[in-house]
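Here the structure comes first, spelled out in structure tokens, and everything after it is commentary.
The values are calculated or read from the model by the stated rules, or taken from the named source; none is laboratory data. For clarity, every value in this text was computed on a predicted model and none was experimentally measured. Counting neighbours? That spans all protein chains shown, and the Cβs are built from the backbone with ideal geometry, glycine included.
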Amino acid sequence: MIRVTWGKGKSMPESSQSTSGQSELAASPTADVALSVRRLSTSFLSEGRMVNAVNNVSFDVFKGEALGIVGESGCGKSVTARSIMRLLPDHVTRYGSESRVEFNGGNLLDYTERQMRDIRGDQIAMIFQEPMTALNPVFTIGSQLNEALVYHTTLNRIQRKARVLELIDLVEISNPDRRYGEYPHQLSGGMRQRIVIAMALACEPDILIADEPTTALDVTIQSQILRLMNDLRRKSGTAILLITHDLGVIAQMCDRVLVMYAGQIVEISPVDELFHDAAHPYTKALLESIPHSGMRHDGQRLTTIPGLVPGLHDMPIACRFADRCTLRQSMCDAFPPSLKASGHRRQVRCHFPVHSAARPLEKG
Amino acid sequence: MWTYFLRRLLYNVPVFIGILLLVMVALRVRDPVYAYLGKNASADTIEAKREEFGLTRPFILATPMESQFGSFVVQVFTLDFSDDSWDHPGETVGDILGRCIGPSLALSIPALVLTTVISVIISVVAASFRGRLIDQSLVIAAVIGMSVSFLVYIIFGQYWGAYLLPEITGYKPFAINGYTHPSETTWWEYITYHWPHHCLLPVLISVIVAMGYDTRFYRAVMVEESGRDYITTARAKGASQIQVMFGHMLKNAMIPIITRVVITIPFLIMGSFLLETYFTIPGMGRQLILAVEHADFPVVQAFTAVLAAIYILANLLTDVLYALVDPRVRLS
Amino acid sequence: MTDETHSRSLQKFLRHRPALLSLSIILLYGATAAVLIFSSVMTMEHTLEPVAAFNLPGFSRQCMPEKRLRDVERSFRRIEVALRRRNPIEQLKSVTAGSLVLASHDPAYLQSRLDQVDGIIDRLYGYEDLDQIVQDSAQDASAILDQLNELESVATELFTLAEGRTEAGRRFRLLLGTDKQGRSILLRAIWSVRVAILVGFVTGMVSVVFGTALGLVAGYFGGWIDHAVNWLYSTFASIPNIVLLIVLSFAFDGGEFDDLLNRWTGNFARKIIGVPVQETLIPVFIAFCATYWIGPCRVIRGEALKLRELEYVQAAQVLGYGRIRILLRHMLPNVAHLMLINFSLLFIGAIKSEVILSYLGLGVKKGPSWGIMIKQSGQEVINGFYWQIGAATVFMLVLVLAFNILSDAVQDILDPRHVG
């Protein structure tokens, strides 16, 4: 729980004590909010038209928590993350007029590039999917780790080198001295991803956004990396926003989950409750489609969700999942559902959430 | 790393010998002596001349000193340029080579350096504003520039530099004829007056011609590099656009850039033919054309071999530079 | 590529307006070349005969007064010379002014008209600098212009169109002016299209086919074949283009080789095109193809190396398909787009190289080509006459630009991740 400060004047946060590996967070309004996304809509100018990739997304990231965003490819999770970091090309990206990303007292969507540069890597860091290509092949590991420190701290060369070695050690890589002078191609994929994590945590950011960090790794390595990230989170109090399409990763890592579909959030829920009692039909269908042991003996077939995600150009006006939903009613095609609180610390975007009392008639 | 160099060197040697073979065969398709002496010479004179220049020897199948090919290869590798020129009696090929290299270098090296530097800067600008107006106009300008013949640039360059400019300003800063060797004047005068007077205009023309091609290519390289993941990582760390472009991107882009610079060298050689001819600069290119016109066989043969050797050396240089720039090559 | 991908690419191409425009321009040039090659609507002779006074500007623009005076005086001079001969009437019949002939062959009539204008001519020659006077609109300027007009109208009366010519035809020929021998620049520029298309097309086709064949074979089979092709490739690539072209042209330039070639090809050239080999472009073709094949070879070889590792090629191998079949049916279609792009690039390269070679005297020998036009116009530019170099440059620019745009568009469509 010790958080070392290196000449930046950062204060110690309320460290969240962990008991079972998942921290209990009070969801009361007074809990510390690290980042607040309000009504975020991101659209791109493509071939003369505006294409909407993220639609009216709102959520909070609490300090020190692990929040997962799960959804299939193309549902807008990456775009959401990059919108927060403002890593999308400015001249073709448009945000909603009411969209806000509140962080440390300011709206990130209004910040200039210079202001964003100060924040990136220092207060909010991001790591990406492909460890093999995330590092610059012609610079040493040491110099790339050094870079983040150069941009955001006032440490001198000796102090920086010490910190870099400390970071390499932090991510459980042996022989930091040797690694310092090595090049990325001399490391394995898992090791590179550890370095990437080290780079991201170099300046002790408040939030670490991880965009599918383990998708490109072997399953065994995947588990190690996730455990590492969790350990580091607890040690430093950095919140993690974990983006993935793999529910197993969510189960292992996260406290709360956002489920996204077709550019919208369809469910927000603490992890346990999501897995035991999913509210949104989409989430439910996702969970049901996971193969489980014993299926073979029962002669069961794999369950899938029929249909396809609607294309960006022909989004339905009302519920976007209606087409593929087993609980579809005529209301679903007429009125778009909004994200509503549903039970304790949960929100669902559905007219007929699965666990609520308002069950619809079983569709014949 | 040294094994790498050795390998490259050994690889290039058979290539060079292949070139020599090609050149020699090409030049013997038409009997060189016949071409030189013309149709009016008698058969005896021709035969005598051929004997004199060793052209009656077997081409390959003999000991090195006795075959034409063998002895030429030996000559080249021992840098023996003592054959007499047919067209310039009293001068050996070596003499001619010696006096022609200087002017050629005076044109090619500044042109190479200027072109590369300017194109890289322009392409970095174009790539970082990709898709916007400045990028589009640069690309259009490059494409149009590429579609006009070199000759037109030369003609208009001369017209502008040697006729219009004097008319408007009264000065005659650029000459379109002649050249002064550095040995004929002091170094200072050479750099501040003689070189710009004779060489600056052709060099500028050479740069303008090459810029279209180079800019488009470098821009493509830059744009491709800028789409790479490590660039996104760097930006996520808080790097500014400039730090990303010149720190991260440029070093990775050096590899294709270096290749490209090497490819530009033969283009420069070609350009120098035309520029030297048009500007009457006594360089290698012009000399070669004159030799071809006058069927001066030894000169043509030797010069071609030298030019090819330059190209091969440039290739080797590229390999060296690769190793310096790309650690992946260095450590393999 | 599936059929669906094909049709989608085609659709994207059809929506790409610059590409369509470029394609139509290229087809226009190609059609022109075809007409020139296969029909006799216009022959080389047309480009070689004088049409009017030399260095006339195009679009019927007025020359400077000095020039007008000299031109009109020259035509009168010709009549005068003919009149002084022993058999004037015979001589008069062969007097021409460009493509015009005398309307009347009556010596007495002609002599009287000549006497009429002699005085005017002498007076005009009396002035120091006609051009300056007119330019400054000095005192005598309008009088001078009137007199010039009168001279020219007399000349117009005396001369008329030759048999079988039309006024429209003459105006067409003069559209872009005349070169320093009075030949029609427009016709010369159009004839050059023939040369350009021929050179570009033959070079492109042969180089691409040969380069692709070697590249595929080298990339697919690897081993010693690859080494051999690599050696061959490096050898040719290491000689700078121009040097090789010059050396090859030197080699093919003499009468000896042409006789040899004629014997080999059984006077093929003479029979088909009606012209002996040394006057055709065959030496140019050989030189170009020998230098340009390396481009496609390298690219295709790289692609073949990549394709070889793809699953469906390995699947085909496992299924026992013959290697030739794999090459032709699986690999060739996938390099087709590279072949097309390289063809365009080589086409352009060949045209531009031809210009340079012709300038150096090594390329086209008979008849005009853009290179020869540019070469001849070097001197003219100093005197401010841009028409010949302008025509050649513009004709060439349009074609080359069209190819550039087309090949860019094809690259963009077929490989969306491609840049540049």
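Sort out which residues of region A:329-364 are modelled with pLDDT of 85 or more, charged (D, E, K, R) and over 25 Å from A:Arg256 (Cα atoms), and write them in order of number. The answer is A:Asp333, and nothing else. Figure legend. Inter-residue proximity from region B:162-181: first residues within 14 Å of chain C (Cβ to nearest Cβ) and buried (at least 16 other Cβ atoms within 10 Å of the Cβ), second residues modelled with pLDDT of 75 or more and part of a helix (DSSP H, G or I), beta-carbon distance below 6 Å, spacing 6+ or different chains. Indicated pairs: B:Ile176/B:Gln158; B:Ile176/B:Ala162. A count restricted to region B:84-140 and to residues that are in contact with a His (Cβ under 9 Å, 6 or more places away or on another chain) and either at positive phi or not in a loop (DSSP other than H, G, I, E, B) (or both) stands at 7.
So, in region A:77-108, how many residues would count as being exposed (fewer than 13 other Cβ atoms within 10 Å of the Cβ) and within 11 Å of chain B (Cβ to nearest Cβ)?
3
Checked against the criteria, A:Thr283 counts as among the polar types (S, T, N, Q) and within 30 Å of A:Asn230 (Cα to Cα). Only a single item in (1) surrounded by 12 or more Cβ atoms within 10 Å (Cβ to Cβ); (2) modelled with pLDDT under 80; (3) not in a loop (DSSP other than H, G, I, E, B) is not met by C:Val101, and it is number (2). Taken over region A:274-317, residues that are assigned to a helix (DSSP H, G or I) and within 30 Å of A:Leu45 (Cα to Cα) amount to 1. All of B:Leu151, B:Leu133, B:Leu138, B:Leu201 fail the test of being closer than 26 Å to B:Gly98 by Cβ, modelled with pLDDT of 80 or more and in the same structural domain as B:Tyr218 (by TED's automatic domain parsing), apart from B:Leu201.
State which residue is nearest to A:Ala53 (Cα to Cα) when the search covers only region A:86-124 and only residues that are of a type outside the set (A, V, I, L, M, F, W, C), part of a loop (DSSP other than H, G, I, E, B) and under 17 Å from the mean Cα position of the chain (by Cα).
In the first step, residues of region A:86-124 are kept if they are of a type outside the set (A, V, I, L, M, F, W, C); the result is A:86, A:89-91, A:93-100, A:102, A:104-107, A:110-115, A:117-118, A:120-123.
Checking the rest, the ones that are also part of a loop (DSSP other than H, G, I, E, B) come to A:86, A:89, A:96-99, A:104-105, A:111-112, A:121-123.
With the extra rule that they be under 17 Å from the mean Cα position of the chain (by Cα), the set shrinks to A:86, A:121, A:123.
On the way: A:Arg86: 15, A:Gly121: 25, A:Gln123: 26 Å.
Result: A:Arg86.
Selection of region A:165-184 for residues being farther than 30 Å from A:His245 by Cα, touching a residue at least 24 places away in the same chain (Cβ under 8 Å) and outside any loop (DSSP other than H, G, I, E, B) yields A:Arg179, A:Tyr180.
Identify, please: which residue in region A:125-142 is among the hydrophobic types (A, V, I, L, M, F, W, C) and assigned to a helix (DSSP H, G or I) and is, among those, nearest to the other protein chains (Cβ to nearest Cβ)?
Here is the first cut: in region A:125-142, the residues among the hydrophobic types (A, V, I, L, M, F, W, C) are A:125-128, A:132, A:134-135, A:138-139, A:141.
If we keep only those that are assigned to a helix (DSSP H, G or I) too, we end up with A:132, A:134, A:141.
Details: A:Met132: 8, A:Ala134: 5, A:Ile141: 11 Å.
That would be A:Ala134.
Looking across region B:231-256, the residues that are within 19 Å of A:Met132 (Cα to Cα), more than 7 Å from chain A (Cβ to nearest Cβ) and touching a residue at least 24 places away in the same chain (Cβ under 8 Å) come down to B:Met249, B:Ala253. Residues in region C:363-381 that are within 8 Å of chain B (Cβ to nearest Cβ) and in contact (Cβ under 8 Å) with a residue 24 or more places away in the chain: 2 in all.
Among C:Ser153, C:Ser137, which is the only one that is of a type in the set (Ser, Thr, Tyr) and assigned to a helix (DSSP H, G or I)?
Details: C:Ser137 fails: assigned to a helix (DSSP H, G or I).
Result: C:Ser153 is the single residue among C:Ser153, C:Ser137 that is of a type in the set (Ser, Thr, Tyr) and assigned to a helix (DSSP H, G or I).
Does A:Asp122 satisfy being within 14 Å of another protein chain (Cβ to nearest Cβ), farther than 26 Å from A:Leu312 by Cβ and modelled with pLDDT under 95?
On the way: within 14 Å of another protein chain (Cβ to nearest Cβ): yes; farther than 26 Å from A:Leu312 by Cβ: yes; modelled with pLDDT under 95: yes.
So A:Asp122 passes the test.
Of all the criteria given as (1) within 10 Å of chain C (Cβ to nearest Cβ); (2) assigned to a helix (DSSP H, G or I); (3) within 23 Å of B:Leu275 (Cβ to Cβ), the one not satisfied by B:Val143 is (3). Only a single criterion out of (1) within 14 Å of chain B (Cβ to nearest Cβ); (2) crowded, with 22+ Cβ neighbours inside 10 Å is not satisfied by C:Gly384, namely (2).
With respect to the conditions (1) within 11 Å of chain B (Cβ to nearest Cβ); (2) aliphatic (A, V, I, L, M); (3) farther than 21 Å from A:Ala239 by Cα, A:Leu165 lacks only one, and its number is (1). The sole residue among B:Leu288, B:Leu317 that is more than 14 Å from chain A (Cβ to nearest Cβ), within 16 Å of B:Ile101 (Cα to Cα) and within 21 Å of the chain's Cα centre (by Cα) is B:Leu288. Criterion first (within 8 Å of chain B (Cβ to nearest Cβ), at negative phi and aliphatic (A, V, I, L, M)) does C:Leu397 satisfy it? So C:Leu397 passes the test.
Just one of the numbered conditions (1) within 14 Å of chain B (Cβ to nearest Cβ); (2) modelled with pLDDT under 90 is not true of A:Tyr111: (2). Outside any loop (DSSP other than H, G, I, E, B), away from every other protein chain (no Cβ under 14 Å) and over 14 Å from the mean Cα position of the chain (by Cα): is that true of A:Ile69 in this structure? So A:Ile69 does not fit the description; no.
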